[in-house]
Amino acid sequence: MEPNGKAGIPPVKLSENSTFSFRCHKDVPCFTQCCHGINIMLTPYDIVRLKNRLQMTSEEFLAVYTTPQVLEKTDLPVVTLKMLDDVEGEPACPFVREDGCLVYADRPTTCRYYPIGVGSLNYKEEDAEGFYFFVNEPHCRGFEEDNPMTVAQWRKDQGLDAYDAVNAMWTDLIVKKRSIPSNIRLTQKTKNMFFTASYDIDRFRRFVFESAFLEIYDISPEETERIKNDELALLDFSFRWLNWLLFKQGDFKVNEAAAARRSNSVNAT
């Protein structure tokens, strides 16, 4: 147990083949305690799942349920789940109740991984080596359960393959940006675009289809139709565009004539 009562992270790197014993259920005495006093960074796919579950637009969900922050060492805007004060004054997840989670089937990535944490080393030529670690909170009794498994089995049990597959390119953007010297700063416009393309999927859709975007970029009719009708295809498209915007990597092609006309029009106003 940590002397200050906070979660401890044992200095041991785990692989997908590492084994541990853990189970969380309503009969463990600490049930839902991990949903209090926490800081949950949300991924783009978390936003999509939760806003659809609650039948909200991404703009509405962001306004009601999130808090904007700047991710350390990246200068990138991210969002965390906005905590509520419970009867004891301790911040609590807005979706937790005594009998469990109201949005369990669509719970965020961080909640699915718990009690495992995920880390990445510095970006190295298209290969960001990942690793895992235990988040060992003093109150957690789930480790006392006789339920041995590997990290890979836990990931499968919690449905993380689908979440990680969708978020993979976005996570890669974060890791690459973290590896760039901190004195290289982003413009506010670029930060705003990163936020919109990452989190505000409904606004990003309007940006693509209601601005000059499709005139400036050469996007095939097939892809245009796909991202218009498939939210996950649009999310993947947004990540690929951010990769081009931030690092000039990828297959995006600018229609130079259209871009020049756009620039001249903006300068004339």
- Query: Only one residue in 67, 74, 57, 43 is in contact with a helix residue (DSSP H, G or I) (Cβ under 6 Å, 6 or more places away or on another chain), surrounded by fewer than 16 Cβ atoms within 10 Å (Cβ to Cβ) and in contact (Cβ under 8 Å) with a residue 12 or more places away in the chain. Which one?
  - Reply: 57
- Query: Within the stretch 141-193, which residues are assigned to a loop (DSSP other than H, G, I, E, B) and touching a residue at least 12 places away in the same chain (Cβ under 8 Å)?
  - Reply: 141, 145, 146, 147, 158, 159, 179, 182, 185, 186
- Item | Single residue of the stretch 122-140 satisfying the filter (surrounded by fewer than 13 Cβ atoms within 10 Å (Cβ to Cβ) and not in a strand (DSSP E or B)) that is modelled with the highest pLDDT | 129
- Looking at (1) within 29 Å of residue 64 (Cα to Cα); (2) surrounded by fewer than 19 Cβ atoms within 10 Å (Cβ to Cβ); (3) small (Gly, Ala, Ser); (4) outside the structural domain of residue 132 (by TED's automatic domain parsing), can you tell me which one residue 182 breaks? (1)
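Name every residue in the stretch 10-40 that is of a type in the set (D, E, K, R) and touching a residue at least 40 places away in the same chain (Cβ under 8 Å), in order of residue number.
Selection gives 13, 16, 23, 26.
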- Which one is farthest from residue 107 (Cα to Cα), of the residues in the stretch 37-77 that are of a type in the set (Asp, Glu) and modelled with pLDDT under 95? 75
- Members of the stretch 213-231 found to be outside any helix (DSSP H, G or I), surrounded by 14 or more Cβ atoms within 10 Å (Cβ to Cβ) and not β-branched (Val, Ile, Thr), listed by number: 217
- Check whether at least one residue in the stretch 196-211 is under 18 Å from residue 254 (Cα atoms), not assigned by TED's automatic domain parsing to the domain that holds residue 72, not in a helix (DSSP H, G or I) and not aliphatic (A, V, I, L, M), and report yes or no. yes
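The values are calculated or read from the model by the stated rules, or taken from the named source; none is laboratory data. What you see is a predicted model, and the numbers here were worked out from it, not measured in a lab. Neighbour counts are summed over all protein chains in view; Cβ atoms, including those assigned to glycine, are modelled from backbone coordinates with ideal geometry.
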